[in-house]
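Novice: Before I ask anything, here is the structure I am working with.
The values are calculated or read from the model by the stated rules, or taken from the named source; none is laboratory data. Computed from a predicted model, the values in this text were never measured in an experiment. Cβ atoms come from the backbone with ideal geometry, glycine included; neighbour counts cover every protein chain shown. Ligands, DNA and RNA are excluded from the accessible area calculation, which covers all protein heavy atoms including side chains. Shrake-Rupley method; radii C 1.70, N 1.55, O 1.52, S 1.80 Å.
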Amino acid sequence: MNKQRENTKRVNNKRSTQSLLYKAVIILAVLLVLVFAALWIFGNESEQLLSREQAEQAVLKEYAGTVESLRLQSGKYVAELETAQGLYELKLDGATGEILSIVLLKRAAEPAVQPTPAASQAPAGGATAAPSPAPSPSAQRVVSEDEAVRLALQEVAGEPDDVDTGINDSGAFYLVEIKTSDGREAIVQVNAISGSIMSVTWEEPDGDNS
């Protein structure tokens, strides 16, 4: 009888030990999951963003001008850049400083028109001088496709790939596709009348299909 009790006690102790072991394994697995989750969350949150100074330098490295404003928005820097061509808005990757897009906000003011020389005095003898004809408005300058490509390449260095034309409220424009040496592709919008750069949009490079 005592032997049977001892056997029963041993079985119960063994089951209790196994139960504790299972619980310990489960608790350890839960702790490991929590640790990995915390590392993943904090790792993502601690992704280094560029400082304002670094973001400003990234803009000025690509384009000459003055950064009028710079703000961080949803992980991206949004900058306003004043150049000789006008005021542009640029969006940059907050971590790498890569310029994602550039849009013309305000075109630079056209140079002032030179005043027309005053009419010459009436000739001697009292004869009335014939009135000078009113100056006819100068014809609008139209940019050729080749010139649009040249202007686009001054903005973004690379190889021209394609040229399209379009028109909107601002007038006619060219869309010049340029492939850069690092595999990216930019679409430069050139005003077909003034030749000014209206916008530059960067496209992600195609994935390797090999």
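Novice: For Thr201, Thr165, Thr83, write out the residues from largest to smallest accessible area, computed with a 1.4 angstrom probe and no ligands counted.
Specialist: Per-residue accessible area, sorted high to low, gives Thr165, Thr201, Thr83.
Novice: With a point put 7 Å past each Cα toward its Cβ, work out how far Arg15 is from Ser170 in nm, to one decimal.
Specialist: 8.1 nm
Novice: Something else about it: Straight-line reach from Lys14: which lysines have a Cα under 27 Å away, not including same-chain ones fewer than 8 places off?
Specialist: Lys3, Lys23
Novice: Which distance in nm do the two modelled labels at Glu82 and Val35 give, with both placed 7 Å along the Cα-to-Cβ direction?
Specialist: Placing both labels 7 Å along Cα→Cβ, they lie 5.6 nm apart.
Novice: Let's test the formula: R0 of 30 Å, r as the Cβ-Cβ distance of Ala109 and Ser51. What FRET efficiency results, to the nearest 0.05?
Specialist: 0.35
Novice: How much length, in nm to one decimal, is gained on full extension between Asp162 and Leu72, taken as 0.36 nm per residue of separation minus their Cα-Cα distance?
Specialist: 29.0 nm
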